[in-house]
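Laboratory data are not the source of any read-out in this text; all were calculated from the coordinates shown. This one's a predicted model, so the numbers in the text were calculated from it and none came from an experiment. Every residue, glycine as well, gets a Cβ built from its backbone with ideal geometry; the counts of neighbours run over all protein chains shown.
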Amino acid sequence: MKPRARASLSRVATTLSAATCGLWCMAGVALAAPAAPQHPAAGDGFAISLAASSPYEPVGHSVTLTATTNADVGPTPYYITIYSETTGAELAVCGAGTTCSATVAQSRVGTQGFEAFVGDNVLGNGHPGFALVSSSEVVVTWWFIRRWPVRLP
């Protein structure tokens, strides 16, 4: 084909596409927009940190964990979640604001690791379907208080 004929053929194809769209739209059939990516770009502008009120506490005493983000998750489809990496328990889920807190205690000597993330919330399993960002792990150790005086035999 000659270049001029190709240009005319291209114009006809474009006109047909527009006409076809017009017919489909008048018939009540909406054309779908291109599919959006299922997951946002890594981080999506969020940063998160997690802090504990104390890294060491006596058995039975509570520790407050506070996750802080650099932006409000309220106008987004995301949540701030705090969970125990040790037990897998979901401790707090917050759908608005820049902070989220949870209070935890342990009834025996031991250590637990905690993490916070911004992502979607899959109920019941403590982990997100995806996490945009996650905090560093925060470790808390509960220790035994020995009561004095100790009676010797």
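Kirkwood Rh over alpha-carbon pairs of segment 48-143, then Stokes-Einstein at 37 °C and 0.692 mPa s: what D in µm² s⁻¹, rounded to an integer? Spell out each step's value before the answer.
Values: Rh = 13.3 Å.
Roughly 248 µm²/s, to the nearest whole number.
Taken along the Cα-to-beta-carbon direction at a fixed 7 Å, the label points for HIS61 and SER101 span 1.8 nm.
Extension gain, ASP120 to THR87: 0.36 nm times the residue separation minus the Cα-Cα distance gives 9.9 nm. Of the residues THR69, THR86, the one with the fewest other Cβ atoms within 10 Å heads the list, and the complete ranking is THR86, THR69. When PHE117, PHE144, PHE130, PHE46 are arranged by Cβ crowding within 10 Å, least crowded first, meaning fewest neighbours, the order is PHE144, PHE130, PHE46, PHE117.
Exposure proxy check: THR99, THR66 ranked by fewest other beta carbons within 10 Å?
Fewest-to-most ranking of THR99, THR66: THR99, THR66.
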